[in-house]
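Please read the structure below before turning to the comments.
Readers should treat all values here as calculations from the given coordinates under stated rules, not as data from a laboratory. The structure presented is a predicted model; accordingly, all values stated were derived computationally and were not measured. Here Cβ is always computed from backbone atoms with ideal geometry, including for glycine, and neighbour counts include all displayed protein chains.
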Amino acid sequence: MINSDEFSKRLQKVIDFYGESASSFSEKIGVQRSSISHILSGRNKPSLDFVMKVLSTFPEVELYWLLNGKGNFPAESKKVNSPDLFSNPSEPISKLSNPQETPSNQIPNQILNTDESKQIERIVIFYTDGSFKNFENAK
């Protein structure tokens, strides 16, 4: 059985980690603001639908950690060691990619050479099997 008090603490940790308010968090996962409030206060227990919405919106949250407090948050296993795509945006992608990849799998240089006043913060690539790769700008 899930411990509602401990679950609400972990949910609050997720909300704080992403710098969200309860209102903005509820909008992102697609639930009513009152649902978040009731879960955080311990009045209601989270539904399976609620938990699944959190997991699908925030892939760094592990199911076992969210429900039982065991494991890590943010999830270490989902972080991908990847080349630093942000260190030199004018460097061709082909130098950063596996040379055996076909050009159709490479990100065109036009995407990286955008307005110089803007910097890319993060690129997430989602695969059809549900996995993803996360490339973050090391600031």
Practice task
Determine the sum of side-chain charges near SER26: Lys and Arg each +1, Asp and Glu each -1, restricted to other residues whose C-beta is under 14 angstrom from that of SER26.
Solution key: 0
Problem - Table column - 3J(HN,Hα) (Hz), the range 8-17, Karplus curve with 6.51, -1.76, 1.60, x for Gly and Pro - result: 5, 5, 5, 4, 4, 5, 5, 4, 5, 4
Completion exercise
By the C-alpha gyration tensor axes a ≥ b ≥ c (rounded if a/c is under 1.5, else prolate when a/b exceeds b/c, else oblate), the shape of the range 4-68 is rounded
Exercise for the section: Work out from phi, with θ = phi - 60° and the Karplus expression 6.51 cos²θ - 1.76 cosθ + 1.60, the ³J(HN,Hα) of each residue of the range 59-66, listed in order in whole Hz, and give x for Gly and Pro. Expected result: x, 6, 8, 8, 4, 4, 5, 4
Practice task
Read phi for every residue in the range 49-54 and hand back ³J(HN,Hα) as whole Hz from Karplus 6.51 cos²θ - 1.76 cosθ + 1.60, θ = phi - 60°, with x for Gly and Pro.
Solution key: 4, 4, 4, 5, 5, 4
Exercise for the section: Give me LYS9, LYS53, LYS28 ranked fewest to most by other Cβ atoms within 10 Å of their Cβ, as a rough exposure proxy. Expected result: LYS9, LYS28, LYS53
